[in-house]
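The structure appears right after this line, and notes come after that.
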Amino acid sequence: MAERAIDFISIVMPALNEARHIEAAIASIEPAGAAFDYEILVLDGGSTDETAAIVTRLAAANPRIRLIANPERTQAAATNAAARLANARSSLLLRADCHAHYPPDFAQICLAAFSAHACASVVVPMLTVGRSCMQTAIAAAQNSRLGNGGSSHRIAGSSGYVDHGHHALFDRALFLSVGGYDETMPSNEDAELDRRLTEAGHRIWLCGDATIEYFPRSDLQSLARQYFAYGAGRASTILRHRMRPKLRQLFPLFAFTGCLLSLALSVVDVRFAGLAASYLLLCLGWGAVLALREREPCALLAGPAAITMHMAWAIGFLTRLMRTKAQVPQGAAGPSGICNS
């Protein structure tokens, strides 16, 4: 396929209270010395820390950086707004996270992949890294198969056409033509968009040469909130598109319902508690193996982190499922087009 010539891209960075990370994130994503021009659009969702002040200072030194208000606050709304407000010269959107560090020439690598392959978007692998002890444990859990289920975009160096991945580069016109992200989604708006793109016959390229480092949550409470939203969002996507859950998505549901049933039946016979105990031992043992393999004592806490991720995801998923059934009358089609009959 002939390469597609691009001379301008818009880098989109949704932000909310990112004073600790945003300056380093912008510095790592800037395509210094690139053969194309660019702009960096920081969509701020009403930060109460120094995020806006930092971006304003950076914009004074680099006029390519623009600070834009995002009253809707969500990442989906931020990216949609950026797609509409971007420079007229821009044909591509590069979505970037403030909680991430990007490898050198990240934009150029993604652009080369987009130009070389027949795709509507480029996605990238993601490696989570920690700084504090608990964040390191959460990162270890998320990088392991117990935490990510073997998702293709969690495997560094893997390239090829996929059905979903960590979002990076989009064709702007196509993104707008399909309606962008669905802003009603509580989370998982990226996977939902990927589903619409693939259903429309477009392809998504995973660029294994552009692995990013992502800084995860640093405590179990915020991790639980995040994964509750992930589970609810995945349920919305599955319901809307009549999808079959993948095995890695069923595992948290099996773990949660199995543990719940196990503990309930243990009132009758304590031996029923064995199922829940086995699951706990599996996760704690997995953390111990990670700690030994990586020579990282903090990874011992990867077990509790994985348990938090599984339980919160499953509860979010089931809560969304039950709310949908409660809202849709018997035999009627709901907003997602699903009939409950």
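Every read-out reported here was derived from the displayed coordinates using simple, explicitly stated rules and does not represent laboratory data. Quick caveat, the model's predicted, so the values are computed rather than measured. Neighbour counts are summed over all protein chains in view; Cβ atoms, including those assigned to glycine, are modelled from backbone coordinates with ideal geometry.
Electrostatic tally near ARG89: other residues with Cβ closer than 10 Å to its Cβ, Lys and Arg +1, Asp and Glu -1, net -3. The Rg/Rh ratio of the range 8-101, with both radii computed over alpha carbons and Rh defined as the Kirkwood radius, is 0.93. When only the Cβ of Lys, Arg, Asp and Glu is charged (+1, +1, -1, -1), the dipole of the range 8-101 relative to its Cα centre reaches about 240 debye.
Summarising the overall dimensions of the range 113-230 from its C-alpha atoms, the Rg and Dmax are 15.2, 44 angstrom. The angle between the Cα long axis of helix 189-199 and the longest principal axis of the Cα atoms of the chain comes to about 80 degrees, rounded to the nearest 10.
Distance between the C-alpha centres of the range 72-132 and the range 218-262: 26 Å, rounded to the whole angstrom.
Along the axis of the charge dipole computed for the chain (Cβ charges of +1 for Lys and Arg, -1 for Asp and Glu, origin at the Cα centre), the listed residues LEU16, SER262, HIS241 are led at the positive end by SER262.
Peptide packing for 30-39, 109-118 was compared via the average number of neighbouring C-beta atoms within 10 Å per residue; ordered from the highest value, the list is 109-118, 30-39. Rounding to the nearest 10 and keeping the result within 0 to 90°, find how far the Cα-based axis of helix 302-327 lies from the longest principal axis of the chain. Between helix and principal axis, roughly 90 degrees.
Assuming charge only on the beta carbon of Lys and Arg (+1) and of Asp and Glu (-1), the dipole of the range 232-327 about its Cα centre is about 640 debye to the nearest 20.
Treating only the Cα positions of the range 168-286 as identical point scatterers, give the base-10 log of I(q)/I(0) from the Debye formula at each q in 0.19 Å⁻¹. Normalising to I(0) and taking log10 leaves -1.20.
Taking packing as the residue-averaged number of other Cβ atoms within 10 angstrom, the listed peptides 254-261, 21-28 run from highest to lowest as 21-28, 254-261. Summing charges over neighbours of MET126, with a neighbour being any other residue whose Cβ is under 11 Å away from its Cβ, gives -1 when K and R count +1 and D and E count -1. Compared with the dominant Cα axis of the chain, that is its longest principal axis, helix 51-61 is turned about 20°. To the nearest 500 deg cm²/dmol, what mean residue ellipticity at 222 nm is calculated for the chain from DSSP H runs of n ≥ 4 alone, each contributing -39,500 (n - 2.57), summed and divided by the residues? Estimated from H runs of four or more residues: -15000 deg cm²/dmol. Sorted ascending by nearby beta carbons within 10 Å, beginning with the fewest, VAL42, VAL129 become VAL129, VAL42. Three semi-axes describe the equivalent ellipsoid of the range 218-267; taken as square roots of 5 times the Cα gyration tensor eigenvalues and ordered largest first, they are 23, 18, 8 Å.
Electrostatic tally near ALA19: other residues with Cβ closer than 13 Å to its Cβ, Lys and Arg +1, Asp and Glu -1, net -3. Annotation note: trypsin sites (Lys or Arg not before Pro) in the range 122-158 located in DSSP loop regions with a Cβ neighbour count of at most 15 within 10 Å are ARG131.
When only the Cβ of Lys, Arg, Asp and Glu is charged (+1, +1, -1, -1), the dipole of the chain relative to its Cα centre reaches about 1040 debye.
Calculated on the Cα set of the range 232-327, radius of gyration then Dmax: 15.9, 50 Å.
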